[in-house]
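Asks: Below are the structure tokens for one structure; questions will follow.
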Amino acid sequence: MMLYFWIILIVSVASLIKGITGFGFALVALPPLLIWYSPKEIIPVLILCNLFASLVIVLQKKDRKLVNKKFQSLIFFGAIFTLVGVLTLKYISENILITIMSIFFILLSILSLLGIRYTIKLSDWSYRIAGMFLGFLTGSISISGPPLALFLHSANVDKEEFREIFSWFSIVTAFIALVGYGVLGLLTVATFKMGFLFLPILYLGSFIGKRLNHCISPFLFKNISVFITLLSSLFLLLK
């Protein structure tokens, strides 16, 4: 019973953060869940959950268009390279990937929290290359949040755009990843059972998170998202 209590608590916190920021579900949920599950067991479940939570966010009413053509390009290339990441998960060590990416994300997060500027000029190809990199991470370790968060801050999007772009990216790449997992035999009945068990928690967290999003200042929003990136990357590295 205690095992289910902790799992539900982890998913609840991750869902609330996802609802507030548009990202962070896998970032928050994956490190502690790796205590009980292997990456190949839990990553497809988190992808499925992230897909549902993102759908809840994008179906909510919007006052304006939040995803421009440059970010549509990022999402498109992200979808293509998600399949490359899925193949990577199947054939090479996910632990090596997680270690390398965790160190990289920690360094970028610390630079951001210290106020050190590393913004680069973003050309059209910058969005495409970012999409390729992010899609690869989504397919391989289910975590594209840290670099996408830092990229969006560099692009100076507001918090509504931030949340919407993240959600659309998650929907497209999660769908592609699930298809890839199915083809490679990484999806099981247990995957769907666990995913559907979490649906009510995911919906509630996304719904409440949207309300809390409107109460947070842009400055606080940015620092929260970077802090989540830093903390989760530390957990991944230590795990």
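The values are calculated or read from the model by the stated rules, or taken from the named source; none is laboratory data. All figures in this text were calculated on a predicted structure; none of them were measured in a lab. Virtual Cβ from ideal backbone geometry, glycine too; neighbours counted across all protein chains shown. To get the accessible areas, we keep the full protein, side chains included, count just its heavy atoms, and leave off ligands, DNA and RNA. Shrake-Rupley method; radii C 1.70, N 1.55, O 1.52, S 1.80 Å.
Asks: Can you tell me which residues in the range 189-224 are without any contact (Cβ under 8 Å) to a residue 60 or more places away in the chain and hydroxyl-bearing (Ser, Thr, Tyr)?
Replies: Result: 217, single match.
Asks: Considering only the range 145-160, I want to know if a residue exists there that is open to solvent by 10 Å² or more (accessible area, probe 1.4 Å) and under 13 Å from residue 49 (Cα atoms).
Replies: No, that holds for no residue.
Asks: Restricting the search to the range 139-162, which residues are modelled with pLDDT of 75 or more and part of a loop (DSSP other than H, G, I, E, B)?
Replies: Scanning the range 139-162 gives 155, 156, 157, 158.
Asks: Looking at (1) over 20 Å from residue 32 (Cβ atoms); (2) surrounded by 16 or more Cβ atoms within 10 Å (Cβ to Cβ), find the lone condition where residue 205 falls short.
Replies: (1)
Asks: Between a first residue in the range 125-140 that is within 18 Å of residue 167 (Cα to Cα) and a second residue that is of a type in the set (Lys, Arg), which pairs have beta carbons less than 8 Å apart while being 6 or more apart in sequence or on different chains?
Replies: Between residues of the range 125-140 that are within 18 Å of residue 167 (Cα to Cα) and residues that are of a type in the set (Lys, Arg), the close pairs are 127/70.
Asks: Another one. State whether one or more residues within the range 53-63 are out of contact with any strand residue (DSSP E or B) (no Cβ under 9 Å at 6 or more places or on another chain) and under 25 Å from residue 235 (Cα atoms). Outline the logic, then answer.
Replies: Of all residues in the range 53-63, those out of contact with any strand residue (DSSP E or B) (no Cβ under 9 Å at 6 or more places or on another chain) come to 53-63.
Okay, now just the ones that are also under 25 Å from residue 235 (Cα atoms), so 53-54.
Yes, that holds for at least one residue.
Asks: Out of the residues in the range 19-66 that are closer than 18 Å to residue 193 by Cα and among the hydroxyl-bearing types (Ser, Thr, Tyr), which is surrounded by the most Cβ atoms within 10 Å (Cβ to Cβ)?
Replies: 37
Asks: Looking at the range 1-12, can you tell me whether even one residue there is modelled with pLDDT of 80 or more, over 16 Å from residue 193 (Cα atoms) and touching a helix residue (DSSP H, G or I) at 6+ places or on another chain (Cβ under 6 Å)?
Replies: Yes, the range 1-12 contains a residue that is modelled with pLDDT of 80 or more, over 16 Å from residue 193 (Cα atoms) and touching a helix residue (DSSP H, G or I) at 6+ places or on another chain (Cβ under 6 Å).
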